Amino acid sequence: MKAAVLAVGNEVLYGDTQNSNGAYLASELTAATVQIVFQTVLADEIAQVAAAITHALRVADLVVLIGGLGPTVDDITRQAVAEATSCPLALDQAAMAQIEQYFLERKRPMPESNRRQALLPAGGEALGNDRGTAPGLWLELGSQVVVALPGPPIELEPMFQASVLPRLRQRLKSGRAVTWLRTSGIGESSLQELLGDLLTSANPSVLPYAKLGEVHLRILADAASQQEAEQMAAGRLRAVRERIGPYVYGQGNATLEGVLLETLLGRHETLAVSESATGGLVSARLSDPAGASQVFLGGSVVYTALAKVEFGALERSAIDRNGAVSAWTAKALAESVRQKLGATWGLATCGWAGPQADGEVGLAYTAVAGTAGVESQEHRLGHNRYDVRHRLTQAALWHLYQVLGREG
């Protein structure tokens, strides 16, 4: 099956809103063995969108439209679909009832303009939306399908998973399995050397994607059935893990901070953080997963020498003697915050982020303190301020991951 993905909206076309939906749908459709033939972004103009739909139906079996299903006059996707397919719009009573129920549950009056959202091309079916007022659309044109989805990701993603993907799978005659491995502590080139011949196989394929401080590996297998594809992917997954196991921290959508918190929660342990160069980025990542407060107790940003004295409980003379950016400072901060908050583990960062600095730009230290002692690691992270701060954040989390692995 071939697909075209059309994003509708001036806000996307002009760059005011990032087209994250396009990336999401491309990934999900590719994983379902659907071939993306093209993606495009269109203005809020009926003629332009209708022409794009007409072209897409010449080259694709599936046309997916994103956005333009709202109640305002610039939401023109419904009209464009009707024009391109010669299926006139008509009020869909089921869709209308769903919209009315949405407002009723929230005890809000329904504006008259929301009735526009219940207009569907003849022959089309409304796709339920329990996150908003815009029903989606499923329209079959012989062997082809036109799908329209609302623009907000919080509405689009659950609608796609619940109402679109299951129907597409019924139309597909082959199987595809996609697995992601997430690694840290190793660069893409070194990872490729370890994987060697596994990267040259076409099916299953192993494809690395370099990220800031991480490398993600996509393992994809195609077969005559879904079961066979999953077996092939599982076999290749085992082979990859055998070669790079120490660098793999998770699978699928796992995040390093999520894995750390799950590990600590399972061990009934807690964590406190003291940050200098990272300025709160470590704490932001650790506090992002739901339930983080069960493990992450908090910490402090000790960005200046004064803050290190007042909040980090370090002596100014010791900082001057050892250096504000040093293994000693990182270790002292990690142990201090651990004791102050009564945590099982203390984690700390310090470094020169630049561009101007009193020391070598990119030189940084992380430290992990526990009941058995404290250890530090030295890092050289380049000369770009953004990269240094974010790579140091990753390095700190990876350092903790390594220590937990050794002492688990």
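Within the chain, how many Lys pairs sit with Cα atoms under 30 Å apart, leaving out pairs fewer than 8 places apart on the same chain?
Step by step, the pairs that qualify in the chain add up to 6.
Whole Å is fine, so just give me how far the alpha carbon centre of region 82-155 lies from that of region 299-344.
The distance from the Cα centre of region 82-155 to that of region 299-344 comes to 57 Å.
Region 1-110: which trypsin sites (Lys or Arg not before Pro) are DSSP loop and have at most 14 other beta-carbon atoms within 10 angstrom?
Sparse-neighbourhood loop trypsin sites (Lys or Arg not before Pro): Arg106, Lys107.
Around Ala3, with a cut-off of 15 angstrom between Cβ atoms, what is the net charge of the other residues, counting Lys and Arg +1 and Asp and Glu -1?
Values: positive: Lys2, Arg58, Arg167, Arg169, Arg171, Arg176; negative: Glu28, Asp61, Glu140.
Surrounding charge for Ala3 is +3.
Using Cα pairs under 8 angstrom and six or more residues apart, how large is the relative contact order of region 252-381, in percent? Write down the numbers at each step before the final one.
Details: 257 pairs, mean separation 30.2, N = 130.
Computed over region 252-381, the figure is 23 percent.
When the dipole is taken about the Cα centre of region 256-406, and only Lys, Arg (+1) and Asp, Glu (-1) are charged at their Cβ, what size is it in debye, to the nearest 20?
Numbers: 13 positive and 14 negative charges, 11 e Å.
Using Cβ point charges on Lys, Arg, Asp and Glu, region 256-406 gives about 60 debye.
How big is Rg to Rh over the chain, alpha-carbon atoms, Rh as the Kirkwood inverse-mean-distance radius?
On the way: Rg = 26.3 Å, Rh = 24.5 Å.
Taking Rh as the inverse mean 1/r over Cα pairs, Rg/Rh reads 1.07.
For region 175-251, which semi-axes, largest first and in whole Å, follow from the square roots of 5 times the eigenvalues of its Cα gyration tensor? It would help to have the intermediate numbers written out before the result.
Working: eigenvalues 96, 27, 21 Å².
One finds semi-axes of 22, 12, 10 Å for region 175-251.
Beta carbons within 10 angstrom, averaged per residue: use that to sort the peptides 175-185, 241-251, highest first.
175-185, 241-251
So what's the convex hull volume per residue for the Cα atoms of region 256-406, in Å³? Could the numbers behind the result be given before it?
On the way: hull volume 13.9 nm³, N = 151.
Cα-based convex hull of region 256-406, divided per residue, equals 92 Å³.
Can you work out the Karplus-derived ³J(HN,Hα) for every residue in region 53-60? Use 6.51 cos²θ - 1.76 cosθ + 1.60 with θ = phi - 60°, whole Hz, and x for glycine or proline.
5, 4, 5, 4, 5, 7, 10, 9
I want the antiparallel fraction of DSSP beta bridges within the chain, as a percent rounded to 5. Provide the component values of the computation, followed by the final result.
Numbers: 45 of 72 bridges.
Beta bridges within the chain, antiparallel portion: roughly 60 percent.
For the chain, what is the calculated [θ] at 222 nm in deg cm²/dmol (nearest 500), taking -39500 (n - 2.57) for each run of four or more DSSP H residues and dividing by its residue count? Before the final figure, lay out each step's value.
Values: 15 runs with 160 residues, N = 408.
Helix contribution divided over all residues of the chain: -12000 deg cm²/dmol.
Would you mind working out the magnitude of the charge dipole of region 130-216 relative to its Cα centre, with +1 at each Lys and Arg C-beta and -1 at each Asp and Glu C-beta, to the nearest 20 Debye?
Numbers: 8 positive and 8 negative charges, 75 e Å.
Dipole about the Cα centre, nearest 20: 360 debye.
Charges at C-beta only: +1 for Lys and Arg, -1 for Asp and Glu. How large is the resulting dipole of the chain about its Cα centre, in Debye rounded to 20? Show your work: numbers first, answer last.
Values: 34 positive and 41 negative charges, 122 e Å.
Here the chain has a charge dipole of around 580 debye.
Residue by residue through region 252-266, what is 3J(HN,Hα) from phi via Karplus (6.51 cos²θ - 1.76 cosθ + 1.60, θ = phi - 60°)? Round to whole Hz and write x for glycine and proline.
x, 9, 4, 10, 4, 5, x, 5, 4, 5, 4, 4, 5, 4, x
Taking every pair of alpha-carbon atoms in region 1-121, what share in percent sits in each 5 Å bin, from 0 to the bin with the longest distance?
2, 11, 18, 19, 18, 17, 10, 4, 1, 0
Once phi is turned into ³J(HN,Hα) by the Karplus curve 6.51 cos²θ - 1.76 cosθ + 1.60 with θ = phi - 60°, what whole-Hz value does each residue of region 362-369 show in order, with x for glycine and proline?
x, 6, 8, 9, 10, 8, 10, 10
None of the figures in this text is laboratory data; all of them are computed from the coordinates on show. The structure displayed is predicted, hence computed values, not measured ones. For neighbour counting, all protein chains shown are included, and Cβ atoms are generated from backbone atoms with ideal geometry for every residue, glycine included.
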